[in-house]
Amino acid sequence: MWFGLPLILFLIWMSASGILLNHPDWIAGFSVPAKFIPDSYIPQNWNRSSMIGMVFSLNDTNVVYAYGKQGIWRSRDGGYTFNRFENGFESSEYYKKTKYLYQSENFLLAATDGGLYFNDLNNVVWQEVKLGSGREAVRKIFTIQNNLVIITESNAYISAGRYPKFDFQKINWSRSEPDRRVTLIDLFFHLHDGRVWGLPGRLLFDFAGLIIIFLSFGAFYIWYFPNRMKRLKKKNIKFDVRNKSWAFRFFYKYHLKLGIWMAVILFIIGGTGFFMRPPVLALIAEGRVPAWMYPGLLPENPWEKKVHNALHDPVENKILISTADGIWEGPADFNKPFVKRELNAPVFVMGPTVFETYGTGGYLIGSFNGLFHLERSTNRPVNMLNGNYTSEWSNVQPAEYMITGYFKTPSGKEYITTHDQGLLPLSFQFQSNNKRFVMPKEMIRDYRTPLWNFMFELHNGRIFKDWIGGIYILLVPVSYTHLTLPTKRIV
């Protein structure tokens, strides 16, 4: 009973946040100010992906652009002060997250979660560039034979036109997958929110969330009312049970009925939720099942909302695509299906945050596992933080420095951005000038986090880390374990 009481609060916040998380477009325009957010979430030194990269102007050595989850910032004094550079840019805190910034001598292109944005550097006003019929998160931009190629979370586009007028056409790209398989992470996540059955499934699980809220209130009242009666009786206070217990009878009747009707869905939500956070997430991280075991219809487009990152390798004239299903390799002209490829380098289960060619000598791969140079000549990964070859790693165990970005200055100095520590130089190379590339105070003063992200942190329990420490990681799995155990009633 005493564990059941706090479980009620857990179920209410999980259900309410789960419903909102299921429909990001509904809440994309809302954000939460800094005063309602734990201090550890407020960016410091460009951490938490507030900045993941910098681009140095080709026309003016004093102009520097910083981009990341906090949009785009511009410096006109070589990186000593930064101001927002978002006139005409995406206004939603949820959609303004910028994954990549491409520049030429005449324009900038920003790859955001809300789509593609263009700036001609003359009017310094951003304009949205339409790619397809709907909104797509853009992951990467690169040039192949003077044509711009745009990689989104689901599709690839190529420009048939040139600056100042682009004409992006969707590329017909495919992948060779004779034995199509589904990752256990995708299967469990899609079962958890109902998307495995499309929009009807999401709405059904939304309804289940409302039922859980009702059951939670009902469970509390079923516990509270008899105890209140006992206290009144001890005080010799008269209480007309027939007139005053209608709420008790109502909750008691429908708590059982609704619990039985929704038992299967509630078990799916609780059972899959148990595996969606570390440490138990590691149990399914590498698992895959045949496509026929997926209980819904898989999308016709095998890339649908799966692409994390991409790179173009001009030396071998090919493209590598990082997805939720692994790494795929294909020709730069997309004329053949992409094939699965295993990279001999650590890549965290969430995918690479840095995915670039490193000169002509291989690839630069950064993730929450660290930053590595996969040498072309030896096919061995070099840890960029200590210069040593790496032979053993875990794709589910984050490193001390969880890499979120990388950039190199015109003078050749290399920097990384990390989730916790923020902006750092590659320590074995040089000491950073602590007056350059300082995060602007306005970012702290005006900080807001998208409501969706706030709800996500609440849903996975990470938001309680500041108050209860590292045991927050057990909050969700332990609560789901209790929820899925057979009991006569919730409390």
Q. Given H placed on each backbone N at 1.01 Å, which residues far from Phe372 in sequence or on other chains put an amide H within less than 5 Å of it?
A. Ile365, Gly366, Met384
Q | Cα-centred dipole magnitude for the stretch 286-379, charges only on beta-carbon of K, R (+1) and D, E (-1), debye, nearest 20 | A | 120
Q) Along the stretch 284-289, what does the Karplus equation 6.51 cos²θ - 1.76 cosθ + 1.60 (θ = phi - 60°) give for ³J(HN,Hα), rounded to whole Hz, x for Gly and Pro? A) 10, 4, 9, x, 9, 10
Q: Using a Förster distance of 22 angstrom, determine the FRET efficiency expected from the C-beta separation of Arg376 and Glu177, and round it to 0.05.
A: 0.25
Q: Grab the other residues whose beta carbon is less than 10 angstrom from that of Asp193, score K and R as +1, D and E as -1, and report the net.
A: +1
(Q) Can you compute the FRET efficiency between Glu442 and Ile471 using 1/(1 + (r/R0)^6), with r the Cβ-Cβ distance and R0 = 25 Å? Round to the nearest 0.05. (A) 0.10
Q: Please give the net charge around Ser75, taking every other residue with its beta carbon less than 11 angstrom from that of Ser75, where Lys and Arg add +1 and Asp and Glu add -1.
A: +1
Q) Considering only Leu203, Leu374, Val64, whose Cα is most displaced toward the positive end of the charge dipole of the chain, charges sitting on Cβ of Lys, Arg (+1) and Asp, Glu (-1)? A) Leu203
Q: Choose one of Phe250, Val182, Ile52: the residue whose Cα lies farthest towards the positive end of the charge dipole of the chain (beta-carbon charges +1 Lys, Arg; -1 Asp, Glu; about the Cα centre).
A: Phe250
Q. What number, rounded to the nearest 500 deg cm²/dmol, is the helix-based mean residue ellipticity at 222 nm of the chain, given -39500 (n - 2.57) per DSSP H run of at least four residues and division by all its residues?
A. -8000 deg cm²/dmol
Q: Tell me which residues come under 5 Å, amide H to amide H, from Thr81 once H is placed; ignore anything under 5 positions away on its chain.
A: Arg76
Q: Beta carbons within 10 angstrom, averaged per residue: use that to sort the peptides 42-53, 279-290, 369-380, highest first.
A: 42-53, 369-380, 279-290
Q) How large is log10 I(q)/I(0) at q = 0.18, 0.25, 0.26, 0.29 Å⁻¹ when the Debye formula is applied to the Cα atoms of the stretch 35-95, each weighted equally and without solvent? A) -0.70, -1.10, -1.14, -1.24
Q: Working from the alpha-carbon coordinates of the chain, get Rg over Rh, Rh being the Kirkwood radius.
A: 1.02
Q | Surface accessible to a 1.4 Å probe, per residue, for the residues of the chain, Å² | A | 51
Q: Please report the Cα spread of the stretch 393-474 along all three principal axes, rounded to whole Å, starting with the longest.
A: 44, 39, 20
Q: Please determine, in degrees from 0 to 90 and to the nearest 10, the orientation of helix 198-234 with respect to the longest principal axis defined by the Cα atoms of the chain, where the helix direction is its Cα long axis.
A: 40
Q: State to the nearest 20 debye the size of the charge dipole of the stretch 361-455 about its Cα centre, where the only charges are +1 on K and R beta carbons and -1 on D and E beta carbons.
A: 360
**Q.** P(r) histogram, all alpha-carbon pairs of the stretch 51-210 included - 10 Å bins from 0, percent
**A.** 10, 31, 30, 18, 10, 1
Q. Using Cα atoms only, what is the angle between the long axis of helix 4-21 and the major principal axis of the chain, expressed in degrees (0 to 90) to the nearest 10?
A. 40
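Quick one: of Lys69/Lys435; Lys99/Lys340; Lys140/Lys336; Lys305/Lys340; Lys253/Lys465; Lys35/Lys69, which pairs are farther than 29 Å apart, Cα to Cα?
Beyond 29 Å: Lys253/Lys465.
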Q) Under a Cβ-Cβ cut-off of 14 Å, what is the net charge of the residues other than Glu105 that fall near it, where Lys and Arg count +1 and Asp and Glu count -1? A) -1
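How high is the relative contact order of the stretch 6-131, in percent, counting Cα pairs under 8 Å that sit 6 or more residues apart?
RCO, the stretch 6-131: 15 percent.
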Q) Going toward the positive end of the dipole of the chain, with +1 on Lys and Arg Cβ and -1 on Asp and Glu Cβ, which of Trp173, Ala16, Pro43 do you reach last? A) Ala16
Q. Rounded to the nearest 20 Debye, what is the dipole magnitude of the chain about its Cα centre when Lys and Arg each give +1 and Asp and Glu each give -1 at the C-beta?
A. 2760
Q. Could you give the angle, 0 to 90 degrees to the nearest 10, between helix 246-261's Cα long axis and the longest principal axis of the Cα atoms of the chain?
A. 50
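The values are calculated or read from the model by the stated rules, or taken from the named source; none is laboratory data. Note that the structure is a prediction, hence the values are computed from the model and not measured. Cβ coordinates were reconstructed from backbone atoms using ideal geometry, including for glycine residues, and neighbour counts include every protein chain displayed. With ligands, DNA and RNA removed, areas are computed over all heavy atoms of the protein, side chains included. Shrake-Rupley method; radii C 1.70, N 1.55, O 1.52, S 1.80 Å.
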